[in-house]
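Structure first, commentary second.
The values are calculated or read from the model by the stated rules, or taken from the named source; none is laboratory data. Fair warning: this is a prediction, and the values are worked out from it, not measured in the lab. Neighbour counts run over all protein chains shown; Cβ positions are idealised from the backbone, glycine included.
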Amino acid sequence: MKLKTETRKEEIINTAAKLFKERGYSAVTMRDLASAMGIKAASLYNHIKSKQEILKEIIISLAEEFTQGLELIQQSSTSSVEKIEEVVKLHVSITSQNTYGMASLNNDWMHLEEKRDYYLKLRSNYEEELRRIIAEGVKNGEIIDENIEIMLFSILSTLRSLYLWIPKKDYLNPEKLSQQLSRVLVKGINKKID
């Protein structure tokens, strides 16, 4: 079986994502990108229209991947706790495969132009679906009856910052990380359970 080779456009997008993470979207120019790839800036335009197109490609593709993943999780007939564990697994999987893109998703989304409203809608819907899973868990007695917004914030802030932590752990096993992270996020750190 032959591995799929990266297209020139994908190479440009991946290189740009790395530069965006290192320097920030606003600081990176098309000339910087061309230089990082060892080509002339004019050659970039054979594959991509603008820096904005690159950012849109990075952010929207990831946001849609999260949305599709959560839709599949929501359709399952598992418990709320198991759904949250699957959400953790989804985040670990996507983030470990694309830490540079995740940096753009978290730090550069406000630079989106034409697709910003679409991205914000995807993000808002994602948060609402996760909120619904938590609320259902509370209602069913699976999850403690605490402030749902605090639980949602705790889970999402941890998952959204994985892109900062994962690259520093080159020995990381995504499956094991998902299990351990789920245990901490769902069961907490209190050894003595009431």
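Brief remarks on what is shown
- Residue match in the range 27-49 (condition: touching a Phe, Trp or Tyr at 6+ places or on another chain (Cβ under 9 Å), hydrophobic (A, V, I, L, M, F, W, C), part of a loop (DSSP other than H, G, I, E, B) and modelled with pLDDT of 95 or more): yes
- In this entry, Ile94 passes the filter for residues that are of a type outside the set (Phe, Trp, Tyr), buried (at least 17 other Cβ atoms within 10 Å of the Cβ) and under 30 Å from Gly24 (Cα atoms).
- On the stretch given as the range 77-115, residues that are closer than 28 Å to Ala135 by Cα and either more than 16 Å from the chain's Cα centre (by Cα) or not in a helix (DSSP H, G or I) (or both) total 7.
- Annotation note: of Asp145, Asp117, Asp108, the sole residue that is free of Cβ contacts under 8 Å to residues at least 60 places away in the same chain and more than 18 Å from Gly188 (Cα to Cα) is Asp117.
- Here Gln74 does not fit the description of being free of Cβ contacts under 8 Å to residues at least 24 places away in the same chain, in a helix (DSSP H, G or I) and closer than 30 Å to Ile134 by Cα.
- Test: Leu164 is under 14 Å from Phe66 (Cβ atoms) and in a helix (DSSP H, G or I): no
- In the range 173-194, the residues that are within 17 Å of the chain's Cα centre (by Cα) and either among the acidic types (Asp, Glu) or at pLDDT below 85 (or both): Glu175
- Annotation for the range 40-51: no member residue is under 30 Å from Glu142 (Cα atoms), more than 15 Å from the chain's Cα centre (by Cα) and free of Cβ contacts under 8 Å to residues at least 60 places away in the same chain.
- Inside the range 119-156, residues that are outside any helix (DSSP H, G or I), of a type outside the set (Asp, Glu) and either surrounded by fewer than 17 Cβ atoms within 10 Å (Cβ to Cβ) or in contact with a Cys (Cβ under 8 Å, 6 or more places away or on another chain) (or both) make up a count of 4.
- Number of the exception - Ile59 against (1) under 16 Å from the mean Cα position of the chain (by Cα); (2) surrounded by fewer than 19 Cβ atoms within 10 Å (Cβ to Cβ); (3) of a type in the set (Val, Ile, Thr): (2)
- For the range 134-143, the criterion of being over 18 Å from the mean Cα position of the chain (by Cα), at pLDDT below 95, of a type in the set (Asp, Glu) and more than 22 Å from Ala17 (Cβ to Cβ) is satisfied by at least one residue.
- Criterion applied to Lys56, Lys49 was being more than 30 Å from Asp145 (Cα to Cα), among the basic types (Lys, Arg) and touching a Leu at 6+ places or on another chain (Cβ under 8 Å), and the one residue passing it is Lys56.
- Of the residues making up the range 110-133, those that are touching a Leu at 6+ places or on another chain (Cβ under 8 Å) and either modelled with pLDDT under 95 or among the hydroxyl-bearing types (Ser, Thr, Tyr) (or both) are Tyr119, Tyr126.
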